[in-house]
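Here is the structure we will look at.
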Amino acid sequence: MGQVAWKELCLSLFDYKTEKYVIAKNKKVGILYRAVQLFILAYIVGWVFMVKKGYQDVDTSIQSSVITKLKGVAFTNTSELSQKVWDVADYVIPSQGESVFFVITNLIITPNQRQSTCAESPSIPDALCYRDGDCASGEAVIAGNGVKTGRCLKAGANKSGTCEILAWCPVEKRGRPKKPLLANAENFTVYIKNSICFPRFHFCKTNVLETKDDTYLKTCRYGPEHPYCPIFLLGNLIHWAGNNFQEMASEGGVIGIQISWNCDLDKAASQCNPQYSFSRLDSRLTEKSVSSGYNFRFAKYYRDAADVDFRTLIKAYGIRFDVIVNGKAGKFNIIPTIINVGSGLALMGAGAFFCDLVLLYLLRKSNFYRGKKYEEVRSTAKPLPAGTVNGNQSDHSLSGLDQVSQLQTVET
């Protein structure tokens, strides 16, 4: 038995399977088949080719450069600085203009700090003390301004005080102005020049209108009438991001400026236009969130006639702008077209396979259909008499192997 089984297995390797087409007169399966075909055709034509442009080769490796430049002047009158005029060299960081820039809108100024000893700020928890032993000499104050000297300084008859520190004295003031110092920054303008290239297609473009009119950039403002004018009012940028400028200027924040280039290079180059969107990026879950806002410190250093160094400490609150560029370009290519057409034809075959499952296994007469679809033919069968097909006389002579009908209609 084992040899017979192995022999049949080996001989089965040389069997040839040929398709037999059976036309099943079943309206339910026929309607289902046409519906599946229609759905697949709509998916291929509508989604793959029209929406996703599956006939195009796509380049997402966009190369981009961003240049920014701010314009505007503000006037302030404070006790620390008296009367002062602020220009771009004072309130813009960094001054050379990059894809990320910061505009100062509010600040705390501590002038004339010198290296000496003084009392730490009482708002620092680690600086609170009751006796000198609470201020270990040489220990840095956690989240503070200097190094402890070992003395506990008390004001008047108070039982508690703050540690004496070696630092830049006097220490920084803690009160932030409720109203932004540079409230007029709402009317400042920013010039954002963005140049992009798609290297695969050797296509480059910029968001600035190509004109020889020198006054265009001095008078235009970005809007529906001037989509290629890269001059934006800071107040508009904050408004488009869904925020109020004066509220945001008081404690600071981060604004994202997204520039999207989605170009169909099968069309004219004038149809490839930048799309702008604006959003607030810093976390502000509630109005009183401790993590909201944006600020940092910097100092300006000087030296007096006695050769002693001193500085003016500035805690700057303001709005940071992040210019984010993304995009893709597509152009007709025969290779993705052939791939997507082939995928569509394969899906058509999958539709026929699904309908076959319904016909052969889910209907009540599935056994009948299976008997008609699958037929086993052996080459050792005795040939029928010449001129006989399926038991009927015919004018044609067929061998036993040629008597397999390739097309059969089944009515139920």
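For this structure, a couple of remarks:
- For the range 246-257, a residue qualifies if it is over 17 Å from T206 (Cβ atoms) and in contact (Cβ under 8 Å) with a residue 60 or more places away in the chain, and the qualifying residues are Q246, M248, A249, S250, E251, G252, G253, V254, I255, G256.
- Scanning the range 34-47 finds no residues that are open to solvent by 100 Å² or more (accessible area, probe 1.4 Å), of a type outside the set (D, E) and in contact with an Asp or Glu (Cβ under 8 Å, 6 or more places away or on another chain).
- For L181, the criteria (1) at pLDDT 95 or above; (2) within 22 Å of Y317 (Cβ to Cβ); (3) among the hydrophobic types (A, V, I, L, M, F, W, C) hold in every case but one, which is (1).
- Considering the range 119-165, and only residues there that are in a strand (DSSP E or B) and aliphatic (A, V, I, L, M), the residue that is nearest to the chain's Cα centre (by Cα) turns out to be A140.
- One residue from F278, F353 being open to solvent by 60 Å² or more (accessible area, probe 1.4 Å) and either on the phi < 0 side of the Ramachandran plot or touching a residue at least 60 places away in the same chain (Cβ under 8 Å) (or both): F353
- Some residue of the range 96-110 being over 30 Å from E251 (Cα atoms) and among the acidic types (D, E): no
- Per-region count, the range 68-78, residues out of contact with any helix residue (DSSP H, G or I) (no Cβ under 6 Å at 6 or more places or on another chain) and in a strand (DSSP E or B): 7
- Members of the range 1-55 that are more than 26 Å from K267 (Cβ to Cβ), in a helix (DSSP H, G or I) and aromatic (F, W, Y): W6, Y33, F39
- Meets criteria (open to solvent by 40 Å² or more (accessible area, probe 1.4 Å) and modelled with pLDDT of 95 or more) for R114: yes
- Of all residues making up the range 259-275, the number that are out of contact with any Cys (no Cβ under 9 Å at 6 or more places or on another chain), open to solvent by 30 Å² or more (accessible area, probe 1.4 Å) and assigned to a strand (DSSP E or B): 1
- Qualifying residue in the range 237-254 (condition: crowded, with 21+ Cβ neighbours inside 10 Å, farther than 21 Å from V103 by Cβ and under 22 Å from the mean Cα position of the chain (by Cα)): no
- Whichever residue in the range 79-103 is modelled with pLDDT of 85 or more and not in a strand (DSSP E or B) and, among such residues, is least open to solvent (accessible area, probe 1.4 Å): Y91
The values are calculated or read from the model by the stated rules, or taken from the named source; none is laboratory data. Predicted, not measured: the structure shown is a model, and the values here were computed from it. With ideal geometry, Cβ positions are generated from the backbone for all residues, glycine too; neighbour counts draw on all protein chains shown. Side chains included, ligands, DNA and RNA excluded: accessible areas come from the protein's heavy atoms. Shrake-Rupley method; radii C 1.70, N 1.55, O 1.52, S 1.80 Å.
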